[in-house]
Amino acid sequence: MLRLSSFLLALSFWGLCKGAEEENFVRIWPEKPVVEFGGSVVLNCSSNCEKVGLETSLSKVPIGTGNTGIHWKAFNLTNVNQWAVTPLCFARCATGAAKPRRANFTVYRAPEHVVLDPMPKMEVGKEYNLVCRVPHVAPIQNLTVTLFKGGKELQVKTFENESDPKASEGVLTHAITIQKEDSGEDLTCQATLDLRPEGPLFEKTSPSELLTPTDFPMDPHLRAPSFIESSTEMTVTCDVSGVFPAKEAKFELLYGGKKLHHNTSVSGDNASAWAVVSSSKETQNLICTVSLGPVNKMVEEVVNVYSLPKPILRLDPSEVTANATVKITCTSDGPESPEVVMQIRDTRGTLASRDPDSPFIEYEVTALEEDNGKEFRCDVELMVGGKPVVKSTSKKLTVFYAPWMNGFSCPDSIIWKEGSTEIFNCTAYGNPPPIVECTRDNTTYAIGKQKLITREDHGMYHCNATNAYGFVAKIVTIIVEFYQPNILAIVLGVVIVLAVIAVLASVYFMYYTKQKCGKYNLWKSKPKQEAGNAMEQKCLNGNASI
């Protein structure tokens, strides 16, 4: 209430200042009130005349009056239930009537609901109307309705040419031809009621609707093994491509006449269904039926059932030292039919094949260092329906051997430059991997770490590689090149410089003496002297002046 009183008092001072400009005046504040239909608003009427009043068809309650140089009254319009409202402030003056003032009301109803008409099942290439409705909004002249597709503006409609102030419905209609690219695009409609600057801004957005054009151009594709082992499981998948809307595709999978429980997935315009099948002992038919709207399509495959025991591979032993003998045995965990082919193989090819009269294969190899980690495989193969069905079991051989080094793993010599940063690397071959240590004068030299090279690194290093099966030693020579100044060249350079300086000094002295001989003045008269010769006299007197 204190805040309202301060506000009204400020209005009174404003009216006083304005009154100084006019003899008789009437003011109303606010001049352009914005109020919700059914809401309330406070109006202030002020004048330099004593009798101030408010004329309106709305219910009004006086809430304040005052005289601060001007006369003012405040009224609360408690229920603005008319769309066209023009309250009038008036005043009766002793010196004559003052011109009354009207408030230019804006009565609004904010958009509460924005509705997109339900989307029908659409067919690709056909035209449909998208309709957005904003019911019971006012003033509709301030309404803007925008239709969005996929977050992008599709159409905008305004209603500024409407004249009825009452609440009415804003309708936007947009025709669209559905394409495959529209699948999954969401439609939203936004209503904006802009009452600024005097009033607020209202925005309301409809729930989104997905565009789901219907199209089923291609037959389903069934992915299932043509052959399956008896009493085992297989995964079968049925795919459809280019369907719209893909999420509405319905699948049915049958195996041997029994319906399978399946899962589905959708990605863009592709849909899939898959199920896990336990095979029987006989060949069965697999059927997939896909329904989309009024269209049903079916695909069928034959699944052949076979029996092939699992192969078993043994390496005896599987961990050996180099040059030891290893026995490789290949057999199976069930009865073998004569049609089954059994083989022992490695990475290079077939090592041995089973004799038709024997239920297994035995093969011996001598384990070499390079056989460490080698994979041996036992294969069984059966021709089913003209196609080979293969099962395999593999194992790796571990070969242990003592360390050894060569120039590649640990160089014989290394040349470095003083001041450079280098890494000393020395490794060894062996299984298990050897531990390598390099020393000089019983001091360990760092391996595999960066080091600033100095002259002290120059020398011979003893490198030892050790594992559980032996050791190997090697001498590595590190040569450090460094700059050695040439004393003789330096001395000769200094001598030459001194000689050049001496020559230049002599030349300068001679030149200076010659110039000094030819130029001087005689200030006093001297007795005549006999000249030795003309050249001598000239040298003595030169260009003398008295």
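The values are calculated or read from the model by the stated rules, or taken from the named source; none is laboratory data. What you see is a predicted model, and the numbers here were worked out from it, not measured in a lab. Positions of Cβ are generated from backbone atoms using ideal geometry, with glycine treated the same way; all protein chains shown enter the neighbour counts.
For every residue, the table says whether it meets (1) at pLDDT 75 or above; (2) assigned to a helix (DSSP H, G or I).
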site	(1), (2)
His462	yes, no
Val476	yes, no
Gln484	no, no
Leu488	no, yes
Val495	yes, yes
Ile501	yes, yes
Ala505	yes, yes
Tyr511	no, yes
Gln515	no, yes
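Do any strands (runs of 3 or more DSSP E) lying entirely in region 307-424 carry at least 1 residues that are under 30 Å from Lys449 (Cα atoms) and of a type outside the set (Asp, Glu), and which ones are they? Break it down stepwise before answering.
Values: elements: 311-316, 319-321, 325-332, 341-346, 349-353, 361-366, 375-384, 387-396, 398-404, 413-417, 421-423.
It comes to 398-404, 413-417, 421-423.
Comparison of Lys126, Lys121 shows that the only residue that is in contact with a Gly (Cβ under 7 Å, 6 or more places away or on another chain), more than 26 Å from Gly170 (Cβ to Cβ) and either of a type outside the set (Gly, Ala, Ser) or not assigned by TED's automatic domain parsing to the domain that holds Thr177 (or both) is Lys121. The condition (being farther than 30 Å from Val52 by Cβ, loosely packed, with under 15 Cβ neighbours inside 10 Å and of a type in the set (Val, Ile, Thr)) is satisfied by just one residue among Val134, Val124, Val114, Val171: Val171.
Check Tyr363, Tyr401 and return the single one that is more than 49 Å from the chain's Cα centre (by Cα), among the hydroxyl-bearing types (Ser, Thr, Tyr), surrounded by 18 or more Cβ atoms within 10 Å (Cβ to Cβ) and modelled with pLDDT of 90 or more.
Working: Tyr363 fails: surrounded by 18 or more Cβ atoms within 10 Å (Cβ to Cβ).
Exactly one residue qualifies, and that residue is Tyr401.
Once region 174-205 is narrowed to residues that are in contact with a helix residue (DSSP H, G or I) (Cβ under 8 Å, 6 or more places away or on another chain) and under 23 Å from Glu36 (Cα atoms), the residue that is surrounded by the fewest Cβ atoms within 10 Å (Cβ to Cβ) is Asp194. Would you call Val299 surrounded by fewer than 17 Cβ atoms within 10 Å (Cβ to Cβ), in a strand (DSSP E or B) and at negative phi? Yes; evaluated as a whole, the condition is true for this residue.
Please work out which residue is farthest from Glu233 (Cα to Cα), limiting yourself to region 302-317 and to residues that are touching a Lys or Arg at 6+ places or on another chain (Cβ under 7 Å) and surrounded by 14 or more Cβ atoms within 10 Å (Cβ to Cβ). So the residue we want is Leu315.
Assess whether Thr289 counts as being outside the structural domain of Val124 (by TED's automatic domain parsing) and surrounded by 13 or more Cβ atoms within 10 Å (Cβ to Cβ). Break it down into steps so the answer makes sense when it comes.
Working: outside the structural domain of Val124 (by TED's automatic domain parsing): yes; surrounded by 13 or more Cβ atoms within 10 Å (Cβ to Cβ): yes.
Criteria met by Thr289.
Scanning region 370-389 for residues that are among the charged types (D, E, K, R), surrounded by 16 or more Cβ atoms within 10 Å (Cβ to Cβ) and under 17 Å from Pro317 (Cα atoms) returns Asp371, Lys374, Arg377.
Residues in region 227-264 that are free of Cβ contacts under 8 Å to residues at least 60 places away in the same chain and more than 21 Å from Lys121 (Cα to Cα): how many?
Count: 20.
Within region 418-447, residues that are within 21 Å of Val480 (Cα to Cα) reach partners that are surrounded by 15 or more Cβ atoms within 10 Å (Cβ to Cβ) and of a type in the set (Ser, Thr, Tyr) with beta carbons closer than 6 Å, at six or more positions or on different chains, in the pairs Cys438/Tyr445; Cys438/Tyr461; Arg440/Tyr461; Tyr445/Tyr461. Name every residue in region 444-482 that is closer than 15 Å to Gly407 by Cα and surrounded by 19 or more Cβ atoms within 10 Å (Cβ to Cβ), in order of residue number. If the condition is that a residue be closer than 15 Å to Gly407 by Cα and surrounded by 19 or more Cβ atoms within 10 Å (Cβ to Cβ), then Tyr461, Cys463, Ala465, Val472, Lys474, Val476, Ile478 are the ones that fit.
Which residues, counting only those in region 425-436, are part of a strand (DSSP E or B) and either surrounded by fewer than 16 Cβ atoms within 10 Å (Cβ to Cβ) or out of contact with any strand residue (DSSP E or B) (no Cβ under 7 Å at 6 or more places or on another chain) (or both)? Outline the logic, then answer.
Keep residues of region 425-436 that are part of a strand (DSSP E or B), which gives 429-431, 435-436.
If the condition is that a residue be part of a strand (DSSP E or B) and either surrounded by fewer than 16 Cβ atoms within 10 Å (Cβ to Cβ) or out of contact with any strand residue (DSSP E or B) (no Cβ under 7 Å at 6 or more places or on another chain) (or both), then Ile435 is the only one that fits.
Residues in region 313-365 that are touching a strand residue (DSSP E or B) at 6+ places or on another chain (Cβ under 7 Å) and farther than 30 Å from Gly430 by Cβ: 17 in all.
Residues of region 171-202 that are over 30 Å from Val124 (Cβ atoms) and touching a residue at least 40 places away in the same chain (Cβ under 8 Å): Ala191, Thr192, Leu193, Asp194, Leu195, Glu198, Gly199, Pro200, Phe202.
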